[in-house]
1. E152 versus S113, label points 7 Å from Cα toward the beta carbon: distance in nm?
2. For K19, which lysines qualify as cross-link partners when the Cα separation must be under 24 Å and same-chain residues fewer than eight apart are set aside?
3. Mind ranking 16-22, 87-93, 123-129 by how tightly packed they are, going by the mean number of other C-beta atoms within 10 angstrom, highest first?
4. Determine Rg/Rh for the chain; Rg is computed over alpha-carbon atoms and Rh is the Kirkwood hydrodynamic estimate from the same atoms.
5. Roughly speaking, to the nearest percent, how much of the chain's 1.4 Å accessible area is carbon and sulfur?
6. What are the residues whose amide H is under 5 Å from the amide H of L128, where those residues sit 5 or more places off or on another chain and H is modelled from the backbone?
7. If you wrap segment 1-94's Cα atoms in a convex hull and average its projection over all directions, what's the area in nm²?
8. From the square roots a ≥ b ≥ c of the eigenvalues of the alpha-carbon gyration tensor of segment 84-135, which class results: rounded (a/c under 1.5), prolate (a/b over b/c), or oblate?
Amino acid sequence: KANQMAHFLRSLGVVRNSKVALLLNRTLDLPIVQLGILLAGGAYVPIDPSYPSDRIQYMINDCGAEVLVTQGIHVDNINSSYTPNIKHCVLLDDDSIPLPDTYRRYTVNDINSQSMDNIVPCNTPDDLIYMIYTSGTTGKPKGVKVTHTGIENVVKEQGRLFNVNSND
């Protein structure tokens, strides 16, 4: 499933450091989509659906994502006039939900028609893996970019601190 998502996202133009906004409930779809984004070379931007719609729209617009992956239940929280950078909207459930005219709609059927073959990796250690928003002391959330190298350093240090090795 993650490979299918990766091939699909590449077909939408997701490449190294492309940001993909995730407005999803915590379901089994979430890790599949996250891995698909990473396999495609992109970086995911998790956005909590429980946030107020103005905060959601601010984060989607601020991160510069052109692709939004969401569920029909959250469509009311997005407005194309406040998120002009979004070109592609992927709905993981109900394909009958109306979307703003400026969004190109994709559904699970579009993803499931993709190859399950492993995708050719394209990332370098300095590429983004995700962008997460802090609460921001000014009242506006601040985006923090995290690279593959940053995550690798955390994993190595935690392995050293907790004596984790390949047998664990």
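The values are calculated or read from the model by the stated rules, or taken from the named source; none is laboratory data. Keep in mind that what you see is a predicted model, and the values were worked out from it rather than measured. Please note: Cβ atoms are built from the backbone with ideal geometry, for glycine as well, and neighbour counts cover all protein chains shown. Side chains are part of the model used for accessible areas, which takes the heavy atoms of the whole protein and leaves out ligands, DNA and RNA. Shrake-Rupley method; radii C 1.70, N 1.55, O 1.52, S 1.80 Å.
1. Calculated label separation equals 3.8 nm.
2. K1, K87, K140, K142, K145
3. Values: 16-22: 21.7, 87-93: 20.0, 123-129: 16.1.
Output ranking for 16-22, 87-93, 123-129: 16-22, 87-93, 123-129.
4. When Rh is taken as the Kirkwood radius, the ratio is 0.99.
5. Working: 4810 of 9280 Å².
C and S atoms contribute 52 percent here.
6. Here N17 satisfy the definition.
7. Computed as one quarter of the Cα hull surface, the answer is 5.2 nm².
8. oblate
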